[in-house]
Ligand code: ASP
């Protein structure tokens, strides 16, 4: 973690000619006198926009700026809600909506394509105060799946709804429905074509099963989005939204809608959102495992996040990362991939945005 912060500091220093980067350490928020500060309850927010082989040499300056600007817009949306006394749940939802509505991320508008050339979206949200949770999987017509996950949490007795049933529930709840064409983006469609080509040339035609687990295909999922927040009332919440993995088949569902794997929040410990190779995150119960290490073993958030992301998941053969905020406002942004789109913002308005690793 210390190393990560160093990277951020360096990043901020190198980037002083650039408006989004200038805000890596943001001085926009008016200075609050220190006595006054002590009376403001702690709050904070942290987001990710996916982890993977994100390398500076593969990124144009203009694309990098677009990512940073969108991460900044998203996190400031949630931060403002929290600063005005809004709930962590609302901050998580609205922050994720900003990223879902951008084609840059693999969630909502920018969702990746399945093997059949469709888009199947997954999302989940959890309330750390009540341990209530809602999730949807494999939806094809929901503009903002995180909003539907929220409706499942508050307006149904269920936790996880899938496919057509989830879409029927969305209609009943008045959630915004779109034509599946809404999710068409040229960039993502090209990714599908590329992977299909690779599949054809690199694999035995009769061995399609292993194709799904081949290492180069695991890198076909970038840009899942997630948010974790602590509000002024001490409540934690987390949410995750994704299009899953490019070229997924058989109605594959990843970790994002699985409570305990992709998302977990508990006021006693921490709120976590995951991103990475979903199969391993489900098997590792990543988000809950971090909470459990804190609850039962007394680990700090930093220690727990490192244990799970740097040891447990790589030992299983998976990769990815998490963002998390604990009940005291400590934040973790841990990943074992080359990069992870990420940002965090604390009570005092200090903002840090990062993309690459060390
Ligand atoms: N975890 C997501 C999934 O496996 C993908 C990602 O986070 O990039 O569906």
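Every number here is computed from the coordinates shown, using simple stated rules; none is lab data. Since the model is a prediction, treat every value here as computed from it, not as a measurement. Cβ placement follows ideal geometry from the backbone for every residue including glycine, while neighbour counts extend to all protein chains displayed.
Show me 131-142, 62-73 ranked by packing, highest mean number of other Cβ atoms within 10 Å first.
131-142, 62-73
For a test of the definition: using alpha carbon positions, the gyration tensor, and the 1.5 limit on a/c, classify the stretch 313-358 as rounded, prolate or oblate.
oblate
With labels modelled as points extended 7 Å from the Cα through the Cβ direction, what inter-label distance (nm, one decimal) is found for residue 250 paired with residue 198?
Here the answer is 2.0 nm between the modelled labels.
Can you give the FRET efficiency for residue 56 and residue 154, using 1/(1 + (r/R0)^6), R0 = 35 Å, r = Cβ-Cβ distance, to the nearest 0.05?
In this case the efficiency is close to 0.25.
Where the centre of each part is set by its Cα atoms, how far does the stretch 98-137 sit from the stretch 230-298, in angstrom?
If we compute the Cα centre of each part, the gap is 13 Å.
Residue separation times 0.36 nm, minus the C-alpha to C-alpha distance between residue 181 and residue 130: what's the value?
So the chain would gain 14.7 nm between residue 181 and residue 130.
Using alpha-carbon pairs under 8 Å, 6+ residues apart, how would you state the relative contact order of the stretch 268-319 in percent?
After rounding, I find 43 percent.
Hey, fewest Cβ within 10 Å first, where do 351, 55, 299 land in order?
55, 299, 351
Please arrange 327, 158, 48, 79 by counting, for each residue, the other beta carbons lying within 10 Å of its beta carbon, fewest first.
158, 327, 79, 48
By what distance, in whole Å, do the Cα atoms of the stretch 240-358 stretch along each of the three principal axes, largest value first?
Each principal axis gives a Cα extent; for the stretch 240-358 these are 45, 32, 24 Å.
Give the order of 245, 153, 99 when sorted by the count of other beta carbons within 10 angstrom, beginning with the fewest.
Lowest count first: 153, 245, 99.
Given labels modelled 7 Å from the Cα in the Cβ direction, how far is it in nm from residue 330 to residue 302?
Reported label-point gap for residue 330 and residue 302 is 0.7 nm.
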